[in-house]
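Before any comments, here is the structure.
The values are calculated or read from the model by the stated rules, or taken from the named source; none is laboratory data. None of the values given here were measured: they were computed from a predicted structure. Cβ: placed from backbone, ideal geometry, glycine included. Neighbour counts: every protein chain shown. Accessible surface is based on the protein model in full, side chains and every heavy atom, while ligands, DNA and RNA are left aside. Shrake-Rupley method; radii C 1.70, N 1.55, O 1.52, S 1.80 Å.
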Amino acid sequence: MIEGRTITVDGNEAAASVAHRLSEVIAIYPITPSSPMGELADEWSAHGRPNIWGAVPEVVEMQSEGGAAGAVHGALQAGALATTFTASQGLLLMLPNMFKIAGELTPFTMHVAARTIATHALSIFGDHSDVMACRSTGFAMLSSASVQEAHDFAAIAHAATLESRVPFLHFFDGFRTSHEVSKIEMLDDDDLRALVSGDRIAEHRRRALTPDHPVIRGTAQNPDTFFQAREAANLHYHACIAIVRRTMAAFASRTGRRYDLFEYVGHPEAERVLVIMGSGAETAHETIERLSRRGERVGLVKVRLYRPFDLESFVRILPKTVRAIAVMDRTKEPGAVGEPLYLDVRAALDEARDQRCSELAVAPVVVGGRYGLSSKEFTPSMVAAVLENLTQEHPRNHFTVGIVDDVTHTSLRYDTAFDEEDDDVTTAVFYGLGSDGTVGANKNSIKIIGEETQRHVQGYFVYDSKKAGATTVSHLRTSPRPIRSAYLIPKPRFVACHQFEFLDRLDVLERAADGAVFLLNAPYPPDEVWDRLPLEVQRQIIDKHIRVYAIDASTVAKRVGMGSRINTIMQTCFFAISGVLPKAEAIAQIKHAIEKTYSKRGVEVVRRNFEAVDATVAELHEIPVPPTVTAERGRPPLVSSEAPDFVQRMTAVLMAGKGDLLPVSAFPVDGTWPLGTARWEKRNLAVEIPVWDPAVCIQCNQCALVCPHAAIRAKVYDPAALGGAPPTFKAVPYKGLEFKGRQYTIQVAPEDCTGCTLCVEVCPAKDRTNPRHKAIDMHPQAPLRQTERDNYAFFVDLPETTRLELAKIDHRTSQLLEPLFEYSGACAGCGETPYLKLLTQLFGDRALIANATGCSSIYGGNLPTTPYSTNREGLGPAWSNSLFEDNAEFGLGLRLAVDHHTHLARTLVASLRASIGDGLADRVLDADVSSEEGIHSQREHVRALMHALTHVDLPEARRLEAVAEYLVPKSVWLVGGDGWAYDIGYGGLDHVLASGRNVNILVLDTEVYSNTGGQQSKATPAGAVAKFASAGKTTPKKDLGLLANMYGHVYVARIAFGAKMPQTVQALLEAEAYPGTSLVIAYSHCIAHGYDMAQGASQQKLAVESGVWPLYRFDPRRSAKGEPPMQLDYGPPKPLAAEYMRNESRFRVVERADPDRFKAFLKTAQDAAQRRYGLYEQLAGIRVPLEETTGARGKDDAPAARERQS
Amino acid sequence: MNLTTEYLGMPLANPIVVGAGPLSDDLDTVRRLEDAGAAAIVLRSLFEEQIVREEMSEFVHLDGHGDSFGEAASFFPSPRSFALGPHQYLEHLRKVKHAVGIPVIGSLNGSRPEGWLEYARLIAEAGANALELNLYRLSADPNLDAAAIERRSLETVMAVRESITIPVAVKLSPFYTAFAHMAREFDRAYVDALVLFNRFYQPDIDVEALTATRSLHLSDASELRLRLHWIAILSGRVRASLAVTGGVHEAVDVIKATMAGAHVTQMVSALLQRGPNHIRVVLEDLARWLTEHEWESLSALRGNMSFEKVPDPDAYERANYMLMLQSWKDVSWR
């Protein structure tokens, strides 16, 4: 046995480390939670790290998982050793190639961080629904249950596939294993060399497609041959089982770590046995051992090699005494007799009996159950409940565990009494903010403990779904034994709360063990801390005998110049109190880790972090705990009592982090949720909020337009409405002529503002006597919270201005309209959301939005609260997300349905003319709906129609009632990021562009895959650093707008609200009004650009002035008037590209690493800007002959409609 | 004509040194400057504060978003190599050294005492022939008195002087109450040269936008006067060599500076305006003038118009300034 070197890594890195070293070609596409595997592989190759044969693997990012699968398929056929990494929908996109790769008996291993497949909702978390969809591909399926296994099985899979020629899908649980940090024994290159056969590689090479020894593969076959040929590979599958076992044996003899196809744990004469695979097997292992020690006759079979399923091995490993078996599936197959593993086990037992290879004393009862969908917790108590079920004479079958199913009553009851940890296990839970660095610090801590002690370590991190102000919860365990607890820490002995505000909205001590230590970051002197605690927290501290330590970390951080980063300080406190390491040693190790982590960011960063460490210990105080509760203040309610019932019952529970408690009956059956829930979640993220000075304000409304969270708004209203206004409510006469005599207010939503300061940055109104003072300045939120909350409540109730009242809609007046997209979870200063908010102001009450997966679908539709909302009439955007790759097609489908309904409604109105009267029928059918007035009138007509229909007793009347609302035009929007529009969804997008149908496409172009962490897309400009372009992208940004222009019949605009607000509004209005396909590409600044988002608008300005981002509108309708369809909205490029690029880290880091390379990129950008301007200028001079511009098809001449008309 | 001089203990072929500025950013330009006859080149200043700001800004904006959201542990690839802090500057210094044969002088503006020392050492290790300490700092804090500022500057210079072995120049501003005293104190701190004077970036005001605008205006010959004045006063009274920077545009400026006592003259603005080849023109004019005026070498006239040797030393005194002012007024009224 060789004692391996230990490393502390997460599951993704564990698998990728092996995959990279055993591959020559790696094609990938980012998808959570597998993205880090591809990123690491790319990083290693970029740094020149070789595989075990001394060559650096070629890593290529493709346009989709389908593309990645195609690329590896090709590489394999040409004789390379290839791999890929994926999950969920990405894996499904690989399915067609997987069948091919397996059908051609190709040695290949892919690594999957198994993730939920989107059904009624998307989920980024882990279960086996994706890998279970691959059962019929012909891939061998090998399941890892832990980080160590993800490392080991990666190697076993790569070795076994070469031996067997059967391709392998190696998978482990998304997040639970992929993101769990653990100390593992590392396989070195010699271990890998010893496992992988050079002869088999040579054979793989010999099978390669080459003109030197040509063969033909991938033929088409007919009924006479296909079937037999398909059976011809059987022997390879038969052999595969033995090969995996042999490989595992070879692996064991080299590493000492022993695995088998199925492994048994537990009582040798167990009567009740659990069958399970994935990380749940670790929890089950831990529980079964504990139960066995108590003398319970229980056992566990861990499934390693799921496909090919070796019946004999499975049956043989079962204790002969087994009487009842529970098979646990982490997937759901609605309508099936049972879930896949359950069916396999039942079939295996039946077949074994038929073949008489079973030695079981009795035929066991077999039941199946579901657990852990979307990373739902699976705990020892649940394992115990499953085994308890098996003691029944008729155990419940097709059960669920971990939820309360009060509808179909599938769920097993369990209590949490079994969730105890051994005394020698250290447990710590940390509540932090995403931006305060808590998770990063804890990852560091885990590495320190892992590397500096003999203890085993585990770190697991839970994130919420918000981007701004996200809450993170870190769970850290250390133990003298390997840690198998694949579940959250049930009773931590150390709890840290890194943000004092959490105490008001999260029950951070709920799980704290009796006698636990509580570390609190409190912005108060030590003698004030106790009195500041809410009543509930004081009570828990006293009742649970908790020791309290406090530090004012934020002040320390500020003092040493670390801003809001309190991570190092809190990490030092943890080590100082927990005693995991001697204090001096811990501090030395923290500094070592700081140096390792931050030395690449510069000496000053390291120095300040060191200073933070040194300043910490003196500032940490134990807080005396009095014997009784002294607080009078309790935790405030999470949502207002005015919130609707649904929000009180559902949303508030989710917001409190107690969604696990909600029973099945509480949920909609089809994933349909109400709008407007974000308004009830008051997150109070901003330390400072804007304050309006009406005396300075010029009422331009730019602040409202740029606000990413609709947290600063403008209204005009009748002075009479001011009755009952709170005393501090501000109002002044409106300056514009259109609403003469009315009052005007700019109001901030103090508890919804994120404090990004975009509004202050764009505000052009300065106090002439003190220009530092603008019409809006930032002021501390806390003292203003109550008064501004009241003011905002009053403001919201003021009457809304309707579009009908606006003589002209422009960037200024548009902001007097109610946004129907508010308080999203987007990043503070987000560059995307102002466009969406504007879209809802302009068209929200009649919009259908198809939203591609990505940032905009997450901040747009991730529970618990969502930002799309309704107006007072209950009208608002209907929103849905289909997939990442198909959004254009999905949106087109919405359009087709709308067009159908409209046509049907018109037909029915015509046919019911006699019943409803000619006048009404004519008014409805002849309405001009091209203006706001027309739309408003049509709404009135439809109301009259609906009323008239109540008196018509005909089946057609009932049919018309169902579709009459479609007589009011609907605005269909296809929204998504550049990853969708430029890459994965481009094929569909192109098809929809070509269709000419009346849909509006809004591309929120951040020039990078923002949601998955900054991978390059084809929208990434040359010279920008992104993942997969770590030295700066060498190829230029794809000109999506120009490609669309070439169709001639597509309305195309490129916009940037920070550069030219009027053009932004105009383009959206024109796009919507255009009776064909419209494409609007919107510059969206993003945190992945690496600068302060408060400067987003000024960067947009620089982008446009330098010509890097052109502004134009291409309107095919202009041709009819003899005008060129292309209009440039920007001037000749100024020499500002350098300034623009140097302001953003994505470009600037290139300059620092390689100034000459930067210079070349800069020249490229300048030249491209000039060239583009020249080209566009010429296009703007082209008048298209009238007859060539009639490609646009509106709803009235859609093909279906025309056919019916004819 | 013998134009040689000695500066910072180094023999130079002539007194034209390219001063700290953007000219040294580009290797081709650096080569052209050498070809045109530049005797030495001072690199653009390494501003510690700028480096620190950039480091911290990246730390906040790149790392600040990491590990905050389930779908992305980071939003940037990890840095490929150590490319922050003074790395780029040092790398450039090495390249310039490699590209030219003339002495290359580093320039440093530190902000913390440790920063001065650390960066000075790095610049020395990177191969600079000498180091110019750019004591550019606006003393805008009303709580900080002159003595404290002067003491801190001296301590910084002394600490740097002790920590490195290459020659050290100090580039000063004229805004000391007792400049001559300060100059002597620096001289006593064994600096090898005094460079007079730093040019401050003076903001302008945009009256429409109500903003202060930052723009660099190039020097003109009128700025030379202040330098001549103080060089003349210091010449012969300090051990350190003297350099003029600011307002040196033509050969006659070089002659004046040398007569006042300067060992070298630094040029930036004139070269930015007219290109590297302007050095050749100045040197040719200089040689011609010396020949025409029958000077055997440039060094022969050095300091002949210094405070110690000028026939009318009162011209360098403040009292005379009043006279000059009055005479100017008289002229204008006539």
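Out of every Cα pair in the stretch B:73-145, what percent are spaced more than 18 Å from each other?
The calculated P(r) of the stretch B:73-145 puts 53 percent of pairs beyond 18 Å.
I'm a student and want to see the number: the projected area of the Cα convex hull of the stretch A:782-881, averaged over all directions, in nm². Don't skip to the answer; put the middle values down first.
Values: hull surface 30.6 nm².
Computing the convex hull of the Cα atoms and averaging its projections yields 7.7 nm².
State whether the stretch A:112-252 is rounded, prolate or oblate according to the following rule on the C-alpha gyration tensor (a ≥ b ≥ c being the square roots of its eigenvalues): a/c under 1.5 gives rounded; otherwise a/b larger than b/c gives prolate, and the remaining case gives oblate.
Oblate is the answer for the stretch A:112-252, as a/c is 1.5 or above yet b/c matches or exceeds a/b.
Counting only protein chains, not ligands or nucleic acids, how are A:Leu519, B:Leu138 ordered by accessible area (probe 1.4 Å), most first?
So the residues, ranked largest to smallest area, are B:Leu138, A:Leu519.
What figure in square angstrom, to the nearest 10, would you give for the accessible area of B:Val207 with a 1.4 Å probe?
110 Å²
How much space per residue, in cubic angstrom, does the convex hull of the C-alpha atoms of the stretch B:68-213 take up?
Spelled out: Cα convex hull of the stretch B:68-213, divided by residues, is 219 Å³.
Dipole of the protein assembly as shown (Lys/Arg Cβ +1, Asp/Glu Cβ -1, origin at the Cα centre): which of A:Gly976, B:Asn14, A:Val131 lies farthest to the positive side?
Of A:Gly976, B:Asn14, A:Val131, it is B:Asn14.
Shape verdict for the stretch A:911-953, please, from the Cα gyration tensor: rounded (a/c under 1.5), prolate (a/b greater than b/c) or oblate.
It comes out oblate by the Cα gyration axes.
With no solvent and one point on each alpha carbon, what is the Debye value of log10 I(q)/I(0) for the stretch B:164-209 at q = 0.21, 0.22, 0.29, 0.30 Å⁻¹?
Results for the stretch B:164-209 at q = 0.21, 0.22, 0.29, 0.30 Å⁻¹ read -0.75, -0.79, -1.08, -1.12.
For A:Thr453 and A:Ala944 in the same chain, what is the full-extension length gain: residue separation times 0.36 nm, less their Cα-Cα distance, in nm?
Difference between extended and current length: 168.9 nm.
What percent of all Cα-Cα pairs in the stretch A:372-441 falls in each 10 Å bin, counting up from 0?
The percentages, shortest bin first, are 16, 34, 26, 18, 6, 0.
Can you sort A:Asp464, A:Asp310 by solvent-accessible area, 1.4 Å probe, largest first?
Result, largest first: A:Asp464, A:Asp310.
Go ahead and run the numbers for FRET between B:Arg53 and A:Phe99, Cβ-Cβ distance against an R0 of 60 Å, rounding to 0.05. Numbers along the way, then the final one.
Values: r = 56 Å, r/R0 = 0.93.
Efficiency for this residue pair is about 0.60.
Computed on alpha carbon atoms, what radius of gyration and Dmax characterise the stretch A:220-292, expressed in Å?
Reported Rg and Dmax, both Å: 19.2, 58.
Calculate the tail of P(r) for the stretch A:471-588: the fraction of all Cα-Cα distances greater than 18 Å, expressed in %.
On the way: 3849 of 6903 pairs.
Of all Cα-Cα distances in the stretch A:471-588, 56 percent exceed 18 Å.
Nothing charged except the Cβ atoms of Lys and Arg (+1) and of Asp and Glu (-1): what's the magnitude of the dipole of the protein assembly as shown about its Cα centre? Round to the nearest 20 debye.
1000 debye
Distance between the C-alpha centers of the stretch A:842-905 and the stretch A:175-225? Whole Å please.
44 Å
Per DSSP helix of 4 or more residues, -39500 (n - 2.57); summed, then divided by the residues of chain B. What does that give at 222 nm, rounded to the nearest 500?
Computed ellipticity for chain B at 222 nm equals -12500 deg cm²/dmol.
If you wrap a convex hull around the Cα atoms of the stretch A:298-378, how much volume per residue is inside, in Å³? Write out the running numbers ahead of the final one.
Values: hull volume 8.2 nm³, N = 81.
Taking only Cα atoms, the stretch A:298-378 has a hull volume of 101 Å³ per residue.
Using a 1.4 Å probe and ignoring any ligands, DNA or RNA, find the accessible area of A:Lys658 and quote it in Å² to the nearest 10.
That residue has around 60 Å² of solvent-accessible surface.
Starting from the Kirkwood radius over alpha-carbon pairs of chain B, derive D by Stokes-Einstein at 4 °C in a medium of 1.567 mPa s and give it in µm² s⁻¹.
Numbers: Rh = 21.6 Å.
Answer from the Stokes-Einstein relation: 60 µm²/s.
Rule-of-thumb check for chain A: C-alpha Rg over 2.2 N^0.38 Å?
0.97
Over all directions, how big on average is the projection of the convex hull of the alpha-carbon atoms in the stretch A:562-649, in square nanometres? Please list the in-between numbers first.
Numbers: hull surface 42.3 nm².
Value for the stretch A:562-649: 10.6 nm².
If I take the Cα coordinates of the stretch A:415-501 and project them onto the principal axes, what are the three extents in Å, biggest first?
Principal-axis extents of the Cα atoms in the stretch A:415-501, largest first: 38, 37, 20 Å.
Quick check: convex hull of the Cα atoms in the stretch A:979-1133, volume per residue, rounded to a whole Å³?
Per-residue hull volume (Cα only) is 111 Å³.
For a quick protection proxy, order the peptides A:273-282, B:108-117, A:441-450, A:75-84 by their average other-Cβ count within 10 Å, most packed first.
A:273-282, A:441-450, A:75-84, B:108-117
At 1.4 Å probe size, with no ligands or nucleic acids counted, give the accessible surface of A:Ile1182 in Å², nearest ten.
80 Å²
What is the spin-label model distance, in nm, from B:Ala148 to B:His181 if the labels are put 7 Å beyond Cα along the C-beta direction?
That separation, rounded to one decimal, is 1.8 nm.
Eigenvalues of the Cα gyration tensor times 5, then square-rooted: what semi-axes does that give for the stretch A:1-134, in whole angstrom, largest first?
Ellipsoid half-lengths, sorted descending, are 23, 19, 13 Å.
Which distance in nm do the two modelled labels at A:Tyr524 and A:Ile542 give, with both placed 7 Å along the Cα-to-Cβ direction?
About 1.6 nm, to one decimal.
Please go through the stretch A:223-312 and write out the trypsin sites (Lys or Arg not before Pro) that DSSP classes as loop and that have at most 10 other C-beta atoms within 10 Å.
Here the trypsin sites (Lys or Arg not before Pro) that fit, given the DSSP loop and packing criteria, are A:Arg294.
Quick check on the stretch A:950-1029: what are the equivalent-ellipsoid semi-axes from the Cα gyration tensor, as sqrt(5λ), descending, whole Å?
So the equivalent ellipsoid measures 43, 12, 9 Å along its semi-axes.
Alpha carbons only, please: Rg and Dmax for the stretch A:328-444, in angstrom.
Answer for the stretch A:328-444, Rg first and Dmax second: 19.2, 62 Å.
Using bins 10 angstrom wide from zero, how does P(r) for the stretch A:723-770 break down, in % of all Cα pairs?
Calculated over all Cα pairs of the stretch A:723-770, the distribution is 19, 35, 41, 5 percent.
Report the semi-axes of the equivalent ellipsoid for the stretch A:548-696 in whole Å, largest first, where each axis is √(5λ) for an eigenvalue λ of the Cα gyration tensor.
Value: 40, 23, 20 Å, ordered largest first.
How many angstrom lie between the Cα centre of the stretch A:1046-1119 and the Cα centre of the stretch A:500-578?
The two parts, judged by their Cα centres, are 47 Å apart.
Where Rh is the Kirkwood radius over the Cα pairs of the stretch B:186-318, the temperature 4 °C and the viscosity 1.567 mPa s, what D in µm²/s does Stokes-Einstein return?
This corresponds to a translational diffusion coefficient of 80 µm²/s.
Return the distance in nm (one decimal) between the two label points of a simple spin-label model at A:Val669 and B:Glu162, each offset 7 Å from Cα along Cα→Cβ.
8.5 nm
Which shape class, rounded, prolate or oblate, goes with the stretch A:198-251 when its Cα gyration tensor gives a ≥ b ≥ c as root eigenvalues, a/c under 1.5 marks rounded, and past that a/b bigger than b/c marks prolate?
The shape class here is oblate.
Would you mind calculating the relative contact order of chain A from Cα pairs under 8 angstrom and at least 6 residues apart, reporting the percent as a whole number?
Once divided by the residue count of chain A, the mean separation gives 6 percent.
Give me the base-10 log of I(q)/I(0) for the stretch A:606-662 at each q in 0.19, 0.30 Å⁻¹, Debye formula, one uniform scatterer per Cα, rounded to two decimals.
Reported log10 I(q)/I(0), two decimals: -0.77, -1.17.
When only the heavy atoms of the protein chains count and the probe is 1.4 Å, how do A:Arg206, A:Arg115, B:Arg214, A:Arg353 rank by accessible area, highest first?
Values: A:Arg206 170, A:Arg115 15, B:Arg214 225, A:Arg353 130 Å².
Ranked list, largest accessible area first: B:Arg214, A:Arg206, A:Arg353, A:Arg115.
State the percent of C-alpha pairs, over all pairs in the stretch B:15-131, separated by a distance greater than 20 angstrom.
Summing the P(r) tail past 20 Å for the stretch B:15-131 gives 50 percent.
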